[in-house]
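The values are calculated or read from the model by the stated rules, or taken from the named source; none is laboratory data. None of the values given here were measured: they were computed from a predicted structure. Cβ: placed from backbone, ideal geometry, glycine included. Neighbour counts: every protein chain shown.
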Amino acid sequence: VAAFTPVALEVDAPGDVPREAANDNRTVLLWFLHTSPEIAWEPVLAEHRRRLEGAGKGRIVAALPFIPTIVGTDTYTDKLWAN
């Protein structure tokens, strides 16, 4: 797991980037899995949510698995657009 604290947007940031009130309590976590997210994501997320919320330390706002592409191929590109 890698952890990051978000940085406030610059004044000249593009107008289509959503603005939110400053919140110093947010942390971004990147999880690196040893197996496919289709197999491991839900159990890992459920356990993290249980521990985080059970300890009263916070809540998960968004949790999104990422499946990398295979460079030089069109693998997975058919999954980028909804039908």
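Would you be able to tell me the number of residues in segment 49-66 that are in a loop (DSSP other than H, G, I, E, B) and either polar (S, T, N, Q) or out of contact with any Pro (no Cβ under 6 Å at 6 or more places or on another chain) (or both)? Don't jump to the end; show me each part of the working.
Step one: filter segment 49-66 for residues in a loop (DSSP other than H, G, I, E, B), giving 55-66.
Still in the list and also either polar (S, T, N, Q) or out of contact with any Pro (no Cβ under 6 Å at 6 or more places or on another chain) (or both): 55-64, 66.
Residues in segment 49-66 being in a loop (DSSP other than H, G, I, E, B) and either polar (S, T, N, Q) or out of contact with any Pro (no Cβ under 6 Å at 6 or more places or on another chain) (or both): 11 in total.
What are the pairs, 6+ residues apart or on separate chains, where a residue within segment 1-25 that is closer than 24 Å to PRO65 by Cβ and hydroxyl-bearing (Ser, Thr, Tyr) has its Cβ under 8 Å from a residue that is part of a loop (DSSP other than H, G, I, E, B) and modelled with pLDDT of 80 or more?
So the pair list comes out as THR5/ARG26; THR5/THR27.
Within segment 26-39, which residues are loosely packed, with under 12 Cβ neighbours inside 10 Å and either in a loop (DSSP other than H, G, I, E, B) or among the small types (Gly, Ala, Ser) (or both)?
Matches in segment 26-39: THR27, PHE32, HIS34, THR35, SER36.
Is there any pair linking a residue in segment 61-80 that is without any contact (Cβ under 8 Å) to a residue 24 or more places away in the chain and on the phi > 0 side of the Ramachandran plot to one that is surrounded by 10 or more Cβ atoms within 10 Å (Cβ to Cβ) and not basic (Lys, Arg), with Cβ under 9 Å and at least six apart or on different chains, and which?
Close Cβ pairs (under 9 Å, with a partner that is surrounded by 10 or more Cβ atoms within 10 Å (Cβ to Cβ) and not basic (Lys, Arg)) amount to TYR76/ILE67; TYR76/THR69.
Quick check on VAL71: is it aliphatic (A, V, I, L, M), part of a loop (DSSP other than H, G, I, E, B) and at pLDDT 80 or above?
Yes, satisfied.
Mind listing whichever residues of segment 1-25 are modelled with pLDDT of 85 or more and surrounded by 10 or more Cβ atoms within 10 Å (Cβ to Cβ)?
The one that is modelled with pLDDT of 85 or more and surrounded by 10 or more Cβ atoms within 10 Å (Cβ to Cβ): PHE4.
Just the residues that are among the aromatic types (Phe, Trp, Tyr) and at pLDDT below 85, please, taken from segment 35-68.
PHE66
Filter segment 40-83 down to residues that are surrounded by 10 or more Cβ atoms within 10 Å (Cβ to Cβ) and of a type in the set (A, V, I, L, M) and give me whichever is nearest to the chain's Cα centre (by Cα).
Here the residue is ALA63.
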